[in-house]
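Peer 1: Supplied in structure tokens, the structure appears directly below.
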Amino acid sequence: MVLVAVFGVALLVAVLLSGLAARTVLSTSFLFLVGGALVSDGFLGLIHITPDSEIVSVTADLALFAVLFTDGMHVSFPKLRANWRNPARALGLGMPLAFVGMALITHFLVGLDWTTSFLVGAVLAPTDPVFASAIVGRKEVPAKLRQLLNVESGINDGLALPVVLILIAAAGPISGHAEADLGKIALELVLGLVFGIVLPFVVIELVRFRLLGAEPKLQPLLPLAIGVILYAVCHLTHANPYLAAFSAGAVLTARSLEAKEAFEPLGEALAELAKFAALLVFGALLTPQLFGDLSVGGYVAVVLAIVLIRPASLLISLLGTTISRKEKLVAAWFGPKGFASVVYGLLVLQSGIPQAKEAFTLIAVCIAFSIIAHSSTDVPIARAFDVDELAGIPEPHKKDTQPAEMQANARP
């Protein structure tokens, strides 16, 4: 119950400061991360959470599913068909380059063996735009850029998972439930994709029957029901829930724009709650001991992962495209490590491989630094695209009802 109280207080503080955060480098994500760290055993000792606590894996798993489900709803198939090349380049070339680059610096700077180094690279390869919401969530930002980041982050989680599982098995003796049968992994991915396509398709067709249909006040619950069923079915059948979530959101939007628009406010709120809960719990793992366990080489590797590996790999993959130089630079910078990396990092820690603890320490610190760096720079960079009102909150000095000339004359 202490954890619930802490979450409530953190949520209240985040809401009260959200207006300021929408206009400055202050980040609500950062507030929850710091809040979790402050109440953990490393500082105040109000809550006691360890990496093997069930609440850690459950909250990260739920948050990633919820975020990918709502992200999938932002995918427009007509636009994707017209602009598929850029996401394909990012996934087919940029992601492997980031994977190999991270493995190289992990091996040479941290001293992990080659297999574990490539495992760290696979865990940190997926990106998460939830910590750059002012970029991917604003219509004023060029559509090509938003689509590139959104589609890349939605698909790369599923692409990284089989690689992570295979490398866990190759890294040494494993314990727990980590399995790496290639056929089994392929089946899980296919099942996730099938469930994510079929379930929303069938439900939307049922709604169109004359005797069926949701009354207006219950319409937002229809996609929610799809998401809940999908999450349960995937975990019962061991299908990939992340690929299922993203594909279900995309299919739902393609089949019923009305359902998407009805659910959007509720869906975004639920995704935010899940994200904040996972950040609070993950923050509780960020103790002084964890940061102290990472070597100097590890910190250099973390910095290089954020400022060099991701930017360089994506810039290389986008060579020769029609995306403007500014958009390429923004896309290259926004490669934050998020909930997929948290979930996969926990798989590594719980696998029992020889260098599991060292790998998880590097992964956790990299995620923490990435969240801080990317969630605190999304608003300033969004300003470069002339986004005047972020999160629906106008600047204090602006009066929407006055012409621009009157506003200019009214300023001191």
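The values are calculated or read from the model by the stated rules, or taken from the named source; none is laboratory data. Keep in mind that this is a model prediction, so the values were computed, not measured. Note that each Cβ is placed from the backbone with ideal geometry, even for glycine, and that neighbours are counted across all protein chains shown. With ligands, DNA and RNA removed, areas are computed over all heavy atoms of the protein, side chains included. Shrake-Rupley method; radii C 1.70, N 1.55, O 1.52, S 1.80 Å.
Peer 1: For region 227-333, what class follows from the C-alpha gyration tensor (a ≥ b ≥ c being the square roots of its eigenvalues): rounded when a/c is under 1.5, otherwise prolate if a/b is larger than b/c, else oblate? Please list the in-between numbers first.
Peer 2: Working: a/c = 2.27, a/b = 1.27, b/c = 1.79.
Verdict is oblate for region 227-333.
Peer 1: With a 1.4 Å probe and all protein chains kept in place, how do Ile105, Ile197 rank by accessible area, largest first?
Peer 2: Listed by decreasing accessible area, they come as Ile197, Ile105.
Peer 1: Quick one: grab the alpha carbon gyration tensor of region 271-320, order the square roots of its eigenvalues as a ≥ b ≥ c, and give me rounded if a/c is under 1.5, else prolate or oblate depending on whether a/b is larger than b/c.
Peer 2: Details: a/c = 6.68, a/b = 1.33, b/c = 5.03.
In terms of gyration-tensor shape, oblate.
Peer 1: Taking θ as phi - 60°, what are the ³J(HN,Hα) couplings along region 186-196 by the Karplus curve (6.51, -1.76, 1.60), each to the nearest whole Hz, with x for Gly and Pro?
Peer 2: Here the 3J(HN,Hα) series is 4, 5, 4, 5, 5, 4, x, 5, 5, 4, x Hz.
Peer 1: Ok, one more. Are any of the pairs Lys275/Lys328; Lys217/Lys260; Lys144/Lys275; Lys260/Lys337 more than 18 Å apart by Cα-Cα distance, and if so, which?
Peer 2: Values: Lys275/Lys328 27 Å; Lys217/Lys260 14 Å; Lys144/Lys275 25 Å; Lys260/Lys337 27 Å.
Correct reply: Lys275/Lys328; Lys144/Lys275; Lys260/Lys337.
Peer 1: Let me ask something additional. Quick check: from the Cα gyration tensor, does region 162-297 come out rounded (a/c under 1.5), prolate or oblate? Walk me through the intermediate numbers first.
Peer 2: Numbers: a/c = 3.44, a/b = 1.62, b/c = 2.13.
In terms of gyration-tensor shape, oblate.
Peer 1: Then there is this: Could you rank the peptides 225-235, 342-352 by their average count of other C-beta atoms within 10 Å per residue, with the highest value first? Walk me through the intermediate numbers first.
Peer 2: Numbers: 225-235: 17.5, 342-352: 23.6.
Going by the mean number of other Cβ atoms within 10 Å, highest first, we get 342-352, 225-235.
Peer 1: Residue by residue, what Karplus-based ³J(HN,Hα) values in Hz, rounded to whole numbers, does region 44-58 have, using 6.51, -1.76 and 1.60 with θ = phi - 60° and x for Gly and Pro?
Peer 2: 7, x, 6, 10, 10, 10, 10, x, 8, 5, 4, 4, 5, 5, 5
Peer 1: How much accessible surface area, in Å² rounded to 10, belongs to the heavy atoms of Phe195 with a 1.4 Å probe?
Peer 2: Answer for Phe195: close to 60 Å² accessible.
Peer 1: While we're on this one: In bins 5 Å wide, starting from 0, what share of all Cα pairs of region 227-287 does each bin hold, as a percent?
Peer 2: With 5 Å bins starting at 0, P(r) equals 4, 15, 17, 22, 20, 13, 6, 3, 1, 0.
Peer 1: Provide Rg over Rh for region 209-250; use the alpha carbon set for both Rg and the Kirkwood Rh (inverse mean inverse pair distance).
Peer 2: 1.09
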